[in-house]
1. Within region 29-56, can you find the residues that are among the hydroxyl-bearing types (Ser, Thr, Tyr) and in contact with a Lys or Arg (Cβ under 8 Å, 6 or more places away or on another chain)?
2. Go through (1) closer than 30 Å to Gly138 by Cα; (2) among the small types (Gly, Ala, Ser); (3) over 28 Å from the mean Cα position of the chain (by Cα) and name the single condition Gly48 misses.
3. Return the only residue of Glu76, Glu104, Glu59 being charged (D, E, K, R), modelled with pLDDT under 85 and open to solvent by 50 Å² or more (accessible area, probe 1.4 Å).
4. Based on this model, can you work out whether Asp93 counts as open to solvent by less than 90 Å² (accessible area, probe 1.4 Å) and among the acidic types (Asp, Glu)?
5. Looking only at region 100-110, decide whether some residue is within 24 Å of the chain's Cα centre (by Cα) and part of a helix (DSSP H, G or I).
6. Going by the conditions given, is Val18 open to solvent by 90 Å² or more (accessible area, probe 1.4 Å) and either part of a loop (DSSP other than H, G, I, E, B) or closer than 30 Å to Val131 by Cβ (or both)?
Amino acid sequence: MHDVATEARWPNWSAAVVEMPIRSVISTPLIADGQAVGAMKIYAASPGAFEDATAALMELFASPAATLLSHIQTAETPERISESLQSALYSRDLINRACGILMERHTITEDAALQQLMRQARATRSTLKEVSAIVLAGVASHPRRGRSDGLR
């Protein structure tokens, strides 16, 4: 982009950066294994800061950068999935245990216990996980005494 101030192709973007010290932009896609994994961009404070030679040089760096980025994203994916799965399983277990406590305490069905937890979550603007943790904390701190979790 020769001059952000006069560029008509992306009016919303140009308007968004008008207060920033950006007048020139050069960009190249990062392509790895035929898929776009990002873009490399360079910004300048003066208009017309980049020449064709700059674009050619930037393209030389784009391929190795795309390969590196692709490998990093691929290497992190199993870890992110694993963390997400662990969190989901923990939440499910927490909710199931809270349902079990309510089922035993009130001799109700699993569905009724889950409905009770959901009502409490809505009423307190909390998550099901948070309400379930409160039920479990109440049981842990007062195993044979009165209710401390606010659920009926």
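1. From region 29-56, those among the hydroxyl-bearing types (Ser, Thr, Tyr) are 43, 46, 54; that's our starting set.
The answer is Ser46, and nothing else.
2. The failed condition is (1).
3. On the way: Glu104 fails: modelled with pLDDT under 85; Glu59 fails: modelled with pLDDT under 85.
When all the criteria are applied, what remains is Glu76.
4. Values: open to solvent by less than 90 Å² (accessible area, probe 1.4 Å): yes; among the acidic types (Asp, Glu): yes.
Considered against the rule, which asks whether it is open to solvent by less than 90 Å² (accessible area, probe 1.4 Å) and among the acidic types (Asp, Glu), Asp93 comes out as yes.
5. As a first pass, look at region 100-110 and keep what is within 24 Å of the chain's Cα centre (by Cα): none.
The answer is no; no qualifying residue exists.
6. Details: open to solvent by 90 Å² or more (accessible area, probe 1.4 Å): yes; either part of a loop (DSSP other than H, G, I, E, B) or closer than 30 Å to Val131 by Cβ (or both): yes.
It is true that Val18 is open to solvent by 90 Å² or more (accessible area, probe 1.4 Å) and either part of a loop (DSSP other than H, G, I, E, B) or closer than 30 Å to Val131 by Cβ (or both).
The values are calculated or read from the model by the stated rules, or taken from the named source; none is laboratory data. Because the structure is predicted, anything quoted here is derived from the model rather than measured. Cβ atoms come from the backbone with ideal geometry, glycine included; neighbour counts cover every protein chain shown. Ligands, DNA and RNA are excluded from the accessible area calculation, which covers all protein heavy atoms including side chains. Shrake-Rupley method; radii C 1.70, N 1.55, O 1.52, S 1.80 Å.
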